[in-house]
Amino acid sequence: MSNFSISTLIFNLIDVLAVILPILLAVAFMTIIERKQLAAHQRRVGPNTVGYYGLLQPFSDALKLILKETIIPSHSNKVLFYLAPISTLVFSLLGWAIIPFGKGLAISDLSLGILYTLALSSLGVYGILFAGWSANSKYAFLGSLRSTAAMISYELILSSAILIIIFLTGSFNFTTIIEIQQAIWFIIPLFPVFIFYFIAVLAETSRTPFDLQEAESELVSGFMTEHSSVPFVFFFLGEYSSIVLFSSITSILFFGGYNMPEIFVNESIFNLQSIFLGIKTCFPCFLFVLVRATLPRLRYDQLIDLCWLNLLPVAVALIILVPSILVAFDIVPY
């Protein structure tokens, strides 16, 4: 291998680590943000002992889980038992490869970025299914089946909402979608689309009120019942990485991504685009925790009925309505 190829490989690894390490830190601090916000909703104090204001609590939790003994059921399929949490974390981290943190600041600015994102979110189902089946436990298997059915159902709603964005922009590229929103954010004309999109994202990331795989009173923690120690950490990181990822995608699709007011555009001082993307990402993260603190968990039949009997007809109606308006008024937004 030539020196040029070795140096190129090193620079690529540095670029990947420069994205992965801040994401893992964001995932770690998302856990304490959630615990602090839930404590505020419930008039409690929350974590405040480990580090200043409890900021080191995520690292303490991670150390505790890593030092625990890994228990593997004797009748389990050990290869899939370990592969399930690893695949869940890997698929959630791969989604960050196409997120533009600024103009030209993306690991891979794919022209079909939205299709890449939808494909990865669909592959995330396999980690849950493998976890429930490989443990050879009826509780875990039942939890994985219910979770898989819910995620597959709401994948259709999520795709329908994103399809409307594609109609407006004429592109599958995230950077193009961001650039088109310089005049107006899509959440203003497409607020109803944002509502059922966010409902689908809640179900896709298995958050309250759609967290059936973690219904402790019904399923004994669902598909991850038999996982402990490091495998459980991987599931935990995968879930919160998906939350931050979909929050970032939400800010790109509906809040203009890294776009910022013209008063801040001064590249000679500093590129603030990544900071504005981070600030916009915090709002969907806040909504995730707000919904968890507010709404109770749905029953399984209510979850499926909400998707197929209520949200799907609305999604189909909007898919027909938005292109009809564009054709009727001869609107070409791209």
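Working note: 222 nm ellipticity from helices only, DSSP H runs with n ≥ 4, each -39,500 (n - 2.57), summed and divided by the residues of the chain, gives -22000 deg cm²/dmol to the nearest 500. Annotation: amide H of T205 has no partner in the under-5 Å range at sequence separation 5 or more or interchain, hydrogens built in the peptide plane. For L290, the accessible area of its heavy atoms, probed at 1.4 Å with every protein chain present, is near 50 square angstrom.
Solvent exposure of the range 1-158, expressed per residue, is 57 Å² of accessible area, with all protein chains present and a 1.4 angstrom probe. For the residues W308, W96, a 1.4 Å probe over the protein chains yields an accessible-area ranking, largest first, of W308, W96.
What order do D305, D211 take when sorted by accessible area (1.4 Å probe), most exposed first?
Details: D305 70, D211 10 Å².
From most exposed to least exposed: D305, D211.
Taking the charge dipole of the range 70-329 about its Cα centre, with +1 at Lys and Arg Cβ atoms and -1 at Asp and Glu Cβ atoms, the residue from L89, Y116, P323 reaching farthest to the positive side is L89. In a reduced charge model with +1 at each Lys and Arg Cβ and -1 at each Asp and Glu Cβ, the chain shows a dipole moment near 700 debye about its Cα centre. Rounded to the nearest 10 square angstrom, M224 shows an accessible area of 20 square angstrom against a 1.4 Å probe.
For the pair A317 and L290, a Förster radius of 35 Å applied to the C-beta separation gives a FRET efficiency near 0.80, rounded to the nearest 0.05. Per-residue SASA remark: K103, around 140 Å² accessible (1.4 Å probe; ligands, DNA and RNA not included).
Order the following by accessible area, largest value first: L309, L272, L110. Probe radius 1.4 Å; ligands, DNA and RNA are ignored.
L309, L110, L272
The values are calculated or read from the model by the stated rules, or taken from the named source; none is laboratory data. None of the values given here were measured: they were computed from a predicted structure. Cβ atoms come from the backbone with ideal geometry, glycine included; neighbour counts cover every protein chain shown. Note: areas computed on protein heavy atoms with side chains; ligands, DNA, RNA excluded. Shrake-Rupley method; radii C 1.70, N 1.55, O 1.52, S 1.80 Å.
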